[in-house]
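Worksheet for the structure shown next.
Each reported figure results from applying straightforward, stated rules to the coordinates on display, with no laboratory input. Since the model is a prediction, treat every value here as computed from it, not as a measurement. When we count neighbours, we look across all protein chains shown, and the Cβ atoms used for this are built from the backbone with ideal geometry, even at glycine.
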Amino acid sequence: MKNSFGTSVIVTLFGESHGPAVGGVLDGLAPGIPVDPDFIARQLQLRRPYGKISTPRVEADKFEILSGVFEGRTTGTPLCIVIPNENTASKSYAKLRTLARPGHADYTAHAKYHGFADYRGGGHFSGRITAALTALGAVAIAALRDKGIVIGTHIARCAGVPDRDFCDLDADLAALSERVFPVLDEAAGQAMQAAIAAAGADGDSVGGVLESCVTGLPAGVGEPWFDSLEGVLSHGLFSIPGVKGVQFGAGFDLADARGSEFNDEFYMDGGAVRTRTNHNGGVNGGICNGMPLRFSCMVKPTPSIFKPQNTVDFEQNEDAVLRLEGRHDPAILHRARVVVDSVAALVLADQLALRFGTDWLRKQP
């Protein structure tokens, strides 16, 4: 299943950037889960371009739920959402059809699909496909929230500008859910946006780090070895275009620490087991220990830049120079955060269904 992911709750993606539509199917959900179209629309809004620091391509994202929902609740059959592509500008890609854009999948798509791939706007490899992930993820996010599991992501660092760390998790996650530019320190957010705008004005781009936190996840979720919670989450997160690194908890930041510094000591909090620190990100042995799940994604600078770049013409088998045209983001961090939340929700819904059964996700009346 090359375009599908999951074991019990399975997501499948389809579509191309400049095709008629993008969309996805979510199969394996229990019947009776509430589905709120307004919340799906709100999540899609968080993924859309933001001001002068994003691409001029703005899609309405007027999605349609084709199946799997009746009278506001899931039916238990495959849930299919389709999102039309209405604001395409394909002509600018015609002259680049045989040129490999550095950092993009043009050449690898040509090699894998023998020249038959849709090259316009990156085709099936485009970040546009994440709109489908966001729409399906909204269903999972709402279902998890009804069970007391909350997911939130902020820009921890962009263009060298740091945000503050998570502090009061409940308050921070609530605040992030309302912010289009997802930072905890608004002054840091202004500095980040200025750096993004400066890179865009120079025909260049920037990247950074997204840090996520999940609260309310029960201990015992996950598996050892090959299906560890870190493993399946990383599998899902690396599907997001631009993600080039994932770490859990302190990760590489404590690579030079001693065990006495890295280990999270346990203590009893009433009748609950807790740890005094959370350097391991809430996971031991591939299984959630009941502490907040913490992970970070490194998002590379957007590969579409307006500076001349050396490349190859893979049909003429000769060197070439790429001078990019079209509409592109100087940074995608602020748009990618809702995609990270969505992927995390879809992965965790699958993991929870495996642990407790699919019906566990259904909110009891």
Completion exercise
Phi-derived 3J(HN,Hα) across the range 223-230 with the Karplus relation (6.51, -1.76, 1.60, θ = phi - 60°), rounded Hz, x for Gly and Pro, is 9, x, 6, 6, 10, 4, 4, 5
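Report the chymotrypsin sites (Phe, Trp or Tyr not before Pro) located in the range 92-129 that are in a DSSP loop and have at most 12 other Cβ atoms inside 10 Å of their Cβ, or state none. It would help to have the intermediate numbers written out before the result.
Numbers: sites: Tyr93, Tyr107, Tyr113, Phe116, Tyr119, Phe125; in loops: Phe116, Tyr119.
For chymotrypsin sites (Phe, Trp or Tyr not before Pro) across the range 92-129 that sit outside H, G, I, E and B with at most 12 neighbouring Cβ atoms in 10 Å, the list reads Phe116.
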Exercise for the section: Name the long-range amide H neighbours of Arg97: under 5 Å, sequence gap of 5 or more, or other chain; modelled H, no Pro or chain starts. Expected result: none
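To the nearest 0.05, how large is the calculated FRET efficiency for Thr75 and Glu318 if R₀ is 51 Å and r is the Cβ-Cβ distance?
Efficiency at R0 = 51 Å is approximately 0.40.
Decide, for the range 295-342, between rounded, prolate and oblate: order the square roots of the alpha carbon gyration tensor eigenvalues as a ≥ b ≥ c, take rounded if a/c falls under 1.5, and otherwise choose prolate if a/b is larger than b/c, else oblate.
Numbers: a/c = 3.25, a/b = 2.37, b/c = 1.37.
Judged from the Cα gyration tensor, the range 295-342 comes out prolate (a/c at least 1.5, a/b above b/c).
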Exercise for the section: Show the residues, 5+ positions off or on another chain, whose built amide H is closer than 5 Å to the amide H of Arg164. Expected result: Leu184, Asp185
Practice task
In nm, give the distance between the simple-model label positions of Lys300 and Phe226, each being 7 Å from the Cα along the Cα-to-Cβ direction.
Solution key: 2.8 nm
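So what is the 222 nm mean residue ellipticity for the chain from helices alone, if each DSSP H run of at least 4 adds -39500 (n - 2.57) and you divide by all residues, rounding to the nearest 500 deg cm²/dmol? Each step should come with its number before you reach the end.
Numbers: 9 runs with 101 residues, N = 365.
The helix contribution divided over the chain gives -8500 deg cm²/dmol.
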Exercise for the section: Provide the packing ranking of 329-338, 251-260, i.e. peptides ordered by the mean count of other C-beta atoms within 10 Å per residue, highest first. Expected result: 329-338, 251-260
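At most 16 other Cβ atoms within 10 Å plus a DSSP loop assignment makes a site exposed; report the longest stretch of the chain without any exposed GluC sites (Glu not before Pro).
Working: sites that count: Glu71, Glu86, Glu178, Glu265, Glu315, Glu325.
Result, exposed sites excluded: 87-177.
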Practice task
Using only Cα atoms, tell me the angle between helix 130-146 and the longest principal axis of the chain; keep it within 0 to 90° and round to the nearest 10.
Solution key: 10 degrees
Fill in the blank from the handout: Going residue by residue through the range 262-277, the Karplus relation 6.51 cos²θ - 1.76 cosθ + 1.60 with θ = phi - 60° gives ³J(HN,Hα) values, rounded to whole Hz and with x marking Gly or Pro, of 7, 4, 9, 6, 8, 7, 8, 10, x, x, 10, 8, 10, 10, 6, 10
Completion exercise
Where a ≥ b ≥ c are root eigenvalues of the Cα gyration tensor, a/c under 1.5 meaning rounded, otherwise prolate if a/b exceeds b/c and oblate otherwise, the range 62-136 counts as prolate
Fill in the blank from the handout: Most packed first (mean Cβ within 10 Å per residue), the peptides 26-33, 46-53 order as 26-33, 46-53
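List the relative contact order of the chain as a percent without decimals, with contacts defined as Cα pairs under 8 Å and 6+ residues apart.
On the way: 765 pairs, mean separation 86.9, N = 365.
With pairs under 8 Å counted, the relative contact order is 24 percent.
Say R0 is 45 Å: what FRET efficiency, to the nearest 0.05, do Glu265 and Val180 get from their beta-carbon distance? The partial results should precede the final answer.
Values: r = 39 Å, r/R0 = 0.86.
According to the calculation, E is roughly 0.70.
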Fill in the blank from the handout: Expected unfolding gain across Ile65-Glu86 under the 0.36 nm per residue rule, minus the alpha-carbon gap, is 5.8 nm
Completion exercise
For the range 193-250, listing chymotrypsin sites (Phe, Trp or Tyr not before Pro) in a DSSP loop whose Cβ sees at most 16 other Cβ atoms within 10 Å gives Phe238
Fill in the blank from the handout: Expressed in nanometres to one decimal, the distance between label points 7 Å along Cα→Cβ at Asn284 and Arg164 is 3.1 nm
Practice task
Rounded, prolate or oblate: pick one for the range 183-238, where a ≥ b ≥ c are the square roots of the eigenvalues of its C-alpha gyration tensor, a/c under 1.5 means rounded, and failing that, prolate if a/b is larger than b/c, else oblate.
Solution key: oblate
Handout entry: Under-5 Å amide H pairs with Gly207, H placed in peptide plane, nonlocal only
Key = Ala159
Handout entry: Calculated from backbone phi, Karplus (6.51, -1.76, 1.60) coupling profile of the range 24-39 in Hz, x at Gly/Pro
Key = x, 10, 10, 10, x, 5, 5, x, x, 6, x, 10, 10, x, 5, 6
Fill in the blank from the handout: Here FRET efficiency (C-beta to C-beta, Ala41 to Thr7, R₀ 22 Å, nearest 0.05) is 0.15
